[in-house]
Amino acid sequence: MVEYGDIRVVYRGGSKINFRKPVISNDSRFLLCASGESVKVFSSVTEECVHELRGHTGQVTGVLLRPSNHLQVYSCSTDGTVRLWDFTDGILVRVKNEKGTFRTLVVKQVCVFVFAELFQLVAVNLPQTPDQLVEARDLSAVLSDVSSNPSTIAFGRGGEYLASVNNLKMEIYFFKKNKSYRFEPFNGGKNTFTCIACHPKDDCVATGHDDGKIRLWRNFKQKKEYTYSTLHWHHSAVSSLCFTPEGTNLLSGGVESVLVQWRYNQENQKDFLPRLGAAITHVTVSPDGALFSTSHSDNKITIIQSCVKVSAVIQGLVKGENVTTGLLVDPRSKALVLNGRPGHLQFYSLQRDKLLFHLDIVQQEYIHEAGLEQFEVVRAAFDASGLWLATVEERKQKSAELELNLKLWSFDEQTQSFVLNTTVSAPHEARITAMCFSQAADSQTTTLVSASRDGHFKAWQLGLPAHTDGTQEYEGPSWSCDFVGAYHGLVPRCCCFSADGSLLAVGFQEVVTVWNPTSWELLTTLSQPPGDVRNLCFGQLSCSKYLLGSNNKKMVCCWNLLTCSLEWSTSMDVSLLLVDSRSENMAAFCCQDGSTDLFVFKPSEPRPLFSQKAVCSGRVIHAVFTPREVMLESSEESSQWLNRSQLYFLTEFMDLLTFSTKAEEEKLMASSKQLVIDDTVAMTPFYLLLGKHRHEHLGNEESAERTPLPQSSVAIKELLQTPAHVLPATSFLCSMFAKSLLISVTETSRRVGHRFNLNNSDSDSNSSFRFRFFEDMTCFTRAS
Amino acid sequence: MGEFKVHRIRFFNHMPSAIRVMAFNSHTERLVVARADGAVEIFNFADNYYQEKVIPGRDGKAVEALCWVGRRLFSAGLDGEITEYDLENLRPRNSMEAYGGPIWTISSNSQGTLLAAGCEDGTVKMFEVLEDRIQFQRNLSRQKGRIISLSWHPTGSQIAAGMLDMIKIFDAETGHATHRLLVERGLQRTSNSQEVVVWSVAFLSDHTIISGDSAGKVQIWDGITGTLVRTHLLTKWDVLVLAVSPDESSVIAGTSEGTVVQFQFISSTVDQQDKQWVRTRTFKSHSHDVRALVHTDTAVVSGGVDTQLVVRPLLDKVEKNTQESAMRKIIFPHRNLVSCAKKAGLLLFQFSDHLELWRLGESDGNGKPGDRLPVKRNPEKLIQLKRKGEDNICCSALSPCGGWLAYATVSSVRLYRLQLDNNISINKVSKLPKELNSVHQLSFSSDSSKLFASSILSSVIVASVKELECKYLHTFKPPSDSRQPVHLLSPSEDGNWLATANTGGEIHVFDVHKLKLHCSVPVCGSCPTAVSIHPFSCSLVSVHADQQIFEFSLKQKEFTAWSRKLQKQGMHPLWLQRDAPITRVTFNPNNPTHILLHDTSMFCIVDQILPLPEEKTRFYNQSVLQSLSLGERLRNSHAFKVYRNFQNLLCVDLMEDHSLVVVERPLLDIVSQLPAPVQQKKFAT
């Protein structure tokens, strides 16, 4: 990523969790998945993110359990390193440097196999040195011409052979004989291989194909006399295949969003888990076979018990094909709001990196069918208090007219959700180009303005409560059109309220008009150099006298509304102009030569506060300032603009990026370090209760010794020494025994946690043994 | 290539009969196919799958089982008789009543000494195979319920018999049942009470028994202990037939859904030796029940209700992308069912139980090539002649003048005099020479004065026909001692010559006037599929099953220069890749250098003047060639002019008025006459 002073662009939150196959830990308690530049460790029970293994500086492209130590995990990244983590605690154990970028990795016993850039499968021998950073030089290419997709490669029974498919070719490499067999059984058509899985016990390779067939290959040790059988249920390409650890079942998934479980050798018996919500991209099984997990195209991981029942869903930020609503911030929950599932708005908490909920806007069943046009949410707006949400949905069919609905939703305090208040069907005759609420905090008189291509802008206001004759139920106030404005038949492209809600600016192609929202009179028109107005923004706080606009002729203008004159203008191709509601700062994204530059400035000052060239490749399509929960205290001038709010932006490749300062990152790293040092307990809400409690005592008694085991207790002695046949009934003894184990309040100060192997990962990086005795709380014991 | 007025005929409602059972003789590489109408066809797999011999069936004789014993062929049917066929004279040799009710199956032991027949009354009857007949030996212990299927252990010590609800294993020595394997009734279909029929069993040399039953299961049993090893549920419907590869490493099963499923005996892990039967490939080449299956070394041969014989090579056994690896479908017979009266403009269609005589339509319109001409007079059916007796028609002929019609069955020959001028009359010629009793091919000379008939011992009988009279003239005896039947008779246009070809590959030319052998064409390895004598140059053109073309000059008694050149250069690969044999050779009197050939998928004019195609040259369809530019067309023109616009051709012949008769039989018409297939759930329906 691009460095600029101490500010850099990072992936933080909302990254893909379905990018690569997740990994389930041996005890099925954790699920690890690559997510942006880090590896996330989720609890498979609570769906919470337990740790985030940070350290890579490029996208993580593969995660795998270490076969020799199931508490450690390898990860590889495009930054050229393979890292070994102790994932239960989130410690970085080993870093290996490697030239080139890794696409993915697979692990077999001692060697690590990685895909290098040139689509080669490379075996890397790990040097056995205690250093934390080792450079691996011992590389040998095993297979060349492999596909970039890691699901096209698999290890066979006990790692004896390696099978790889690419397009219409299949290659099986036997390690012992150092010999590979290549098969090209099909002439073409839709028989392209898509994925592969090897049976753990038998020499049987399952491959998925583009036409939805699964083929089970056997007898592939001969060049010619190989044979296969075909299973066919999927109607389009099989995207992932997986055998269960004992090899009794084969799992497959595809775009049908149905998990299919085939019985090995009884292939006409199969189980289905339908309605998983979105196309399956990966299927994995935990090493003990108790859990399956499916990754889905809508950035979701479903955890499924082996009885084919969904037990947990881990949902990431849903990224559709395009975000038409733009990025919004819900003023109430501070969540990021954008298009989610088809016909829904998603509320995503950036602080917790968690999807909060989906709001069904369209309220129609979504039908999965190629080429079928459906209602889509295209615009959304919040008012300043977060009480009202306005949405626009539209459906454009080739033959039929455009269907538009404007919906207004009010926030219901009781249910803590948005409730539909008013539906306006066909609010305009053509597509709505812009929509905004009046910024005034007074919710009773709030105004919504929508501008459309039909040449009008309409103001909508909450009407008075409808007076009914008493027989009908009382209906709350509803929204109705208050004013229809037009200017010389020009098409309004954008509209904007001033911060106090006293002015409305509407950009009609080349003309900016300023209206009074109370009387709806046209106050003034602002001259503008030729070019259609693209963005309009009122200044905030001390700069509220300024109105800024950008046009498609590479001009940015700033008008002084007091004098109604052009304050300044500059030549800049601004694609996106936005204002931070918490400060005077404005951000402008300029697209140049395939990359985007950012300028942060105050309208009143001639010099930008911050500028960065090439923040990302490609266009930035949406951006938003989100308020921070805790203000940063940065003294450096260039990063001051990030103190109150964060700037998130979405590139055309659907990457959600943000800016982070060095101080912020240090804080983050510190918090994760801290996590390593004084906690072995998963960071769960439960921990927060227990952990604090324990901290107090740990602080007090650093030098305390191990408590003697409670064998000395009279009750136990009696229990152990009395002959069995004279003992009273067990039920009688039980309560007595349990009582003897309890420690009275006065004794609590004597307990201590004893531990071996302090977390000095340098000294003994391989071992992850860790013992701890909790005499008072039987909380978490872990066998290595 | 010349322009023709084409009679495009689609009113020949030829309907092939369903394939009932097949048997393969791996020594002679002959496949025998029995059809539902009782006809038995023999295909030579060594000679490009050519249909060498056809033995017509008869009413009420459905063949239920076929069995090769050495070179001898036995069949059994629901009439309760075991029949041996005379493959040289193309007729049943002798039949023997088994006295056990309908026979469902026969099977011979690998030594070829015993024939076991499974009967309706629950007995397995053993017959001893003698030199000239079979003789009843004994019954194995009688069971309740019919014996549906039989399989000998390769050593001949045991027999497995598939019955209703069970499989019995008999000791062949003592005749006692040693094991009784109970087959589970199907859970799939509604009533559990419906008994399950074991349609097919296979007894392997390691004492594994494989069974296919009406519940859709293929089950693998241990024949020593009599226990079930594995069950593979293949279909909701029936598994009708099983076939084992010669090396016993693969078994195929045919189902009612039209699929053929392969099972292979392979080890589950690469290094270990313990093998098991694993279901592998599924072939779907039929739309209806697969009733008959043969597993050769390299291919799966299947046939069923949809009347097609499908040869699907196993790609792991043959070289890929060779001619051998191509799938073949044999739909139409490899012989002519249509006779044309060139002078009279009449067509005779041969069905198994009747003949139809049609007069061609007329058109006086002129048009550009490719135009459809208006029909002035519709074609009309003049005569429909039902055959007499129970035997099906094996051959028929119409004289060129349209005055004579002859047909033959296995037992008799009938000759009719036709009057078609104003009022149609047909008179049977009552007295036929007694030599005309066993005939497999008939033909009239070009002046309609003589009738040629191929008869027993590869001989050809010549009879003169005149005014309701038929007189025996001569018998042409082959110079060699070949006993193979003559399957092609071709009198020359000038009336001097008669060319005959037999299934042994010999071609003889007889002088009709002198009534003696003129010459013999040197025998080549492949069986001739069509022969004809050129009307002007007196050369004989023969086309063989391996797609080779020869031209033999009758005057010099040697191959012509063109033929030598063709052989030297070799046939074009695309020509060799065609899978149907050429069934007719005709000549264009306007253009003596043209030879007209056709098979079921194309017709071709071979121009002897033009250069032969190079190996790399493409075979353009003539209509494509027309659209190319002149230079391109000249560059691509060569001796073989292929025309593929007509499909599924049964006959292409040139009439005397230089119009071309093209008889097509669209596959869709055949498919529409088939019974409804079993109901299957298809995706997205």
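The values are calculated or read from the model by the stated rules, or taken from the named source; none is laboratory data. Model, not experiment: these values are computed from the prediction. With ideal geometry, Cβ positions are generated from the backbone for all residues, glycine too; neighbour counts draw on all protein chains shown. The area values use the complete protein model at the heavy-atom level, side chains included, leaving out ligands, DNA and RNA. Shrake-Rupley method; radii C 1.70, N 1.55, O 1.52, S 1.80 Å.
Where the centroid of each part is defined by its Cα atoms, how far is the range A:477-505 from the range A:298-335 in Å?
Cα centres, the range A:477-505 to the range A:298-335: 34 Å.
Work out from phi, with θ = phi - 60° and the Karplus expression 6.51 cos²θ - 1.76 cosθ + 1.60, the ³J(HN,Hα) of each residue of the range A:531-548, listed in order in whole Hz, and give x for Gly and Pro.
Result, ordered by residue: x, 6, 5, 9, 10, 9, 8, 8, x, 10, 6, 6, 9, 6, 7, 9, 10, 10 Hz.
Which whole-number percentage describes the relative contact order of the range B:254-330, with Cα contacts under 8 Å and a sequence gap of 6 or more?
Worked out over the range B:254-330, it gives 23 percent.
If a/c stays under 1.5 just call it rounded; otherwise compare a/b with b/c (prolate if a/b is bigger, oblate if not). Do that for the protein assembly as shown, with a ≥ b ≥ c from the square roots of the Cα gyration tensor eigenvalues.
Numbers: a/c = 2.81, a/b = 1.77, b/c = 1.59.
Because a/c hits 1.5 or more and a/b exceeds b/c, the protein assembly as shown counts as prolate.
Show the residues, 5+ positions off or on another chain, whose built amide H is closer than 5 Å to the amide H of A:GLY156.
The answer is A:TYR161, A:LEU162, A:ALA163.
Local charge sum around B:TYR85 (other residues, Cβ-Cβ under 10 Å, Lys/Arg +1, Asp/Glu -1)?
My count for the surroundings of B:TYR85 gives +1.
Given a 1.4 angstrom probe, I'd like the percentage of the accessible area of the range A:598-665 that is carbon and sulfur, rounded to a whole number.
49
For the protein assembly as shown, what does -39500 (n - 2.57) per DSSP helix run (n ≥ 4), summed and divided by total residues, give at 222 nm, in deg cm²/dmol to the nearest 500?
On the way: 9 runs with 86 residues, N = 1469.
Using -39500 (n - 2.57) per qualifying helix, the result is -1500 deg cm²/dmol.
Which pairs break 28 Å Cα to Cα here: B:LYS317/B:LYS568; A:LYS554/A:LYS662; B:LYS565/B:LYS641?
B:LYS317/B:LYS568; A:LYS554/A:LYS662
Filter the cross-link list A:LYS270/B:LYS217; A:LYS176/A:LYS221; A:LYS213/B:LYS681; B:LYS428/B:LYS514; B:LYS388/B:LYS434; A:LYS354/A:LYS407 down to pairs whose alpha-carbon distance in this structure exceeds 24 Å.
Listed pairs above 24 Å: B:LYS428/B:LYS514; A:LYS354/A:LYS407.
Determine the sum of side-chain charges near A:PRO287: Lys and Arg each +1, Asp and Glu each -1, restricted to other residues whose C-beta is under 13 angstrom from that of A:PRO287.
Cβ neighbours under 13 Å give a net charge of -1.
Can you send over the solvent-accessible area of A:LYS458, 1.4 Å probe, protein chains only, in Å² to the nearest 10?
For A:LYS458, the solvent-accessible surface is approximately 40 Å².
Quick one: accessible area per residue over chain B, 1.4 Å probe, rounded to a whole number of Å²?
Heavy-atom accessible area per residue stands at 42 Å².
Accessible area drop of at least 10 Å² (1.4 Å probe, protein heavy atoms): which residues of the range A:204-227 qualify, relative to the chain alone?
Those residues are A:ARG218, A:ASN219, A:LYS221, A:LYS224, A:GLU225, A:TYR226, A:THR227.
So, in Å, what gap is there between the alpha-carbon centers of the range B:44-121 and the range B:631-649?
45
Kindly tabulate the residues in the range B:279-305 with an accessible-area decrease of at least 10 Å² between the chain alone and the assembly of all protein chains, using a probe of 1.4 Å.
The answer is B:ARG279, B:THR280, B:ARG281, B:THR282 - residues whose exposure falls by at least 10 Å² when every protein chain is included.
Heavy atoms only, probe 1.4 angstrom, no DNA, RNA or ligands counted: give me A:LYS224, B:LYS466, B:LYS61 ranked by accessible area, highest first.
Putting A:LYS224, B:LYS466, B:LYS61 in descending order of accessible area: B:LYS466, A:LYS224, B:LYS61.
Aspartates and glutamates within cross-link reach of B:LYS5: Cα-Cα under 15 Å, excluding same-chain residues under 8 positions apart?
B:GLU362, B:ASP364, B:ASP371, B:ASP653, B:GLU656, B:ASP657
Amide H to amide H under 5 Å from B:ARG91: which residues, 5+ apart in sequence or cross-chain, H placed 1.01 Å off N in plane?
B:ASP86
In the full protein assembly as shown, how much of B:CYS538 is accessible to a 1.4 Å probe, in Å² to the nearest 10?
The value for B:CYS538 is about 10 Å².
With each pseudo-label sitting 7 Å past Cα toward Cβ, what's the B:GLU380-B:ASP494 distance in nm, one decimal?
Once both label points are built, they end up 3.9 nm from each other.
Checking the table B:LYS450/B:LYS516; B:LYS329/B:LYS682; B:LYS342/B:LYS516 against a 18 Å threshold on Cα-Cα, which pairs fail?
Result: B:LYS329/B:LYS682; B:LYS342/B:LYS516 exceed 18 Å.
Let me confirm one metric for peptide B:225-232, namely the mean number of other chain beta-carbon atoms within 10 Å of its residues' beta-carbons. Please list the in-between numbers first.
Working: counts 0, 0, 0, 0, 0, 2, 1, 4.
Counting other chains' Cβ atoms within 10 Å and averaging over B:225-232 gives 1.
If one takes the accessible area of chain A alone plus chain B alone and subtracts that of the pair, with a 1.4 Å probe, what total in Å², rounded to the nearest 100, results?
Roughly 1800 Å².
Top to bottom by accessible area (1.4 Å), largest first, where do B:ARG8, B:ARG578 land?
Most to least solvent-accessible, the answer reads B:ARG8, B:ARG578.
Ignoring ligands, DNA and RNA, what percent of the accessible area of the range B:564-641 is carbon or sulfur (1.4 Å)?
Numbers: 1970 of 3760 Å².
Here carbon and sulfur together make up 52 percent of the probe-accessible area.
Report A:ARG12's accessible area, 1.4 Å probe, all protein chains in place, as a number in Å² to the nearest 10.
Here the accessible area works out near 40 Å².
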